[in-house]
Amino acid sequence: MTDASSQLIAWVPELIYQPSGFEFGRALISDAAGNIVRIESVDQLSSERRINLPRRALLPGMVNAHSHAFQRVLRGRTEYRTTNQRDSFWTWRELMYSAATRLTPEDIYDAARMAFLEMALGGITAVGEFHYLHHAPDGSPYDDPNLLAKEVIRAAGDVGLRIALLRVAYARSGFQTEANPRQARFIETNAELYIRNLEALAASVRSPTVREGNARHSSPEEAVVALPDGRASDTAWIGIAPHSVRAVPLDYLKEVIGYAAANDLKIHMHVAEQPAEVSACVEEYGRTPIALLQTEGLLNQQFTAVHAIHVAPKAVAAFAETGAIVCACPTTERNLGDGVIPADEYLKHGVPICLGTDSHAQIDLLEDARELEYHLRLQKLERAVLSIRSPTVRVGSTRQPSVDKTAVALPDGQAADTAQYLFDCATVNGARSIGAPNGTLAPGKPADFFTVDLNDPAIAGASGDDLLPAIVFSASRAAIREVVIAGKPMVSEGRHLLQEEVVERFNELQKKLWT
Ligand SMILES: [Zn+2]
């Protein structure tokens, strides 16, 4: 058939998510390139190939804005006391380094594929990978300085995830701190070297190998192909990630951020995760990390500050003034004892928050979303702290839910208030932070979405205004049944296409590393 509509797929769930509320009796139409053509009434369907999804609600794929994929190998191996004093982020970091120094390029591929597969099963369709393993364990560069970054990109491509490879700049252990040999794999001592390697990676991502068939078993040479048809431009791309003010001195930082600005790249940086990092910065520069970034003109709309927990009110205002985004990683932050992110202050000032699974102690972005709110409830002894209907929220700073007559939602959509805010963090804000094309369901956007089973025991009985809160606050991964990326089903009935192979390889890796 030559009729263009015969190339189209009509995905027909019971409910489709829209910002104004779930809609029923509608179909999402995707084209052969994997983009959304329209969302229309089921009555208007004609010759599209129809895929019925009974008892399913369809939602936009989530965006995980902060990941260190290799840290998946640490899960379950750091939950004990290592000192006679207090265990902390810093003692955990030593355990993490001991794993980081032992991984081969193939191990990094296997670990990343495991992390990305778990993300896909959880409805995540794009990831921002904060990648800092560059060299061989002894610190000597590989022949290809981007060998490990390409392994991570290849892993994302094989699993089907879109990836922003946020290549890390790491110059030193810290201000007046002895070099730590366990950081040898991370270090590129000057900005010129960093930028040269970044440009080489960018060039390889821009010129993908176009291959026939599927990408399930790519080779390292074909690393940059993120999806089977070789459309690398919106499936794998790069950004810059100066590790932290501790690891990158100011001159170096200015150079790489200047490069990002000139080349329209996203900038991610760990900021104010730990009090010790803040005090070291004050000692070196006489300013807190955020004051330093602001006064040096380094904050902008391309900038995402990861963690941003230990901040003064002035810092919140600095983000608001410059348009910077904050990335919260609440499950990791509670696991590491980092602290509670003042999300309510950021919301009041109109600073968008996105979410990351970071250390992968757990990979469940809906859990990160609910923890953003729950940690504040415990701290403040209040409920519904993050409310987009709150009169204290700056007008125009965040989306006010509008009422749509076709929506199933209750007339005022009130029940979805906090859940709507949290779901935006997991979708649109994440996409903006890492420059992903997805995060919303609209014509021209990629057909990246997941479905939940409306009969799943965790959300059964929800159908209208209560469905989004039920998903955000109560659903586990078991409720997520289909995950489609670029119009291609990667997860069906809760199973990923490559699940057995990926898990088996990862089991072998863990055995090799730890026994
Ligand atoms: Zn991190």
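In table form, for the structure just shown:
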quantity: Positive dipole terminus of region 328-394, leading residue within ALA384, ILE341, ALA361 (C-beta point charges); calculated: ALA384
quantity: Candidates per chymotrypsin sites (Phe, Trp or Tyr not before Pro) in region 55-152, loop by DSSP, up to 15 other Cβ within 10 Å; calculated: TYR80, TYR142
quantity: Rounded to 10°, Cα long-axis angle of helix 105-121 versus longest principal axis of the chain; calculated: 40
quantity: The chain: mean projected area of Cα convex hull, nm²; calculated: 24.0
quantity: Of LYS254/LYS314; LYS254/LYS348; LYS266/LYS445; LYS348/LYS380; LYS150/LYS266, pairs whose Cα-Cα distance is over 24 Å; calculated: LYS254/LYS348
quantity: Region 37-123: Rg to Rh, with Rh as the Kirkwood radius over Cα pairs; calculated: 1.25
quantity: Surface per residue (accessible, 1.4 Å probe) for the chain, Å²; calculated: 38
quantity: Per-residue HN-Hα couplings for region 34-49 [Karplus 6.51, -1.76, 1.60; θ = phi - 60°; Hz; x = Gly/Pro]; calculated: x, 10, 7, 8, 6, 10, 9, 5, 4, 4, 8, 5, 10, 9, 4, 6
quantity: Residue (of ILE485, LEU95, PRO60) at the positive-pole extreme of the chain, dipole from beta-carbon charges; calculated: LEU95
quantity: Helix-only mean residue ellipticity at 222 nm for the chain, each DSSP H run of n ≥ 4 adding -39500 (n - 2.57), per residue, nearest 500; calculated: -10000 deg cm²/dmol
quantity: By accessible area with a 1.4 Å probe, ligands and nucleic acids excluded, highest first: order of SER46, SER474; calculated: SER46, SER474
quantity: Rounded percent of accessible protein surface that carbon and sulfur make up, the chain, 1.4 Å probe; calculated: 52
quantity: Region 156-198 - charge dipole about Cα centre, Lys and Arg +1 at Cβ, Asp and Glu -1, debye rounded to 20; calculated: 60
quantity: Counted charge near ILE257, where neighbours are those whose Cβ lies closer than 13 Å (Asp, Glu -1; Lys, Arg +1); calculated: -2
quantity: Probe 1.4 Å - accessible area at HIS310, Å² to nearest ten; calculated: 70
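The values are calculated or read from the model by the stated rules, or taken from the named source; none is laboratory data. What you see is a predicted model, and the numbers here were worked out from it, not measured in a lab. Positions of Cβ are backbone-derived with ideal geometry, glycine not excepted, and every protein chain shown enters the neighbour counts. Calculation scope for accessible area: heavy atoms of the full protein, side chains included, ligands and nucleic acids excluded. Shrake-Rupley method; radii C 1.70, N 1.55, O 1.52, S 1.80 Å.
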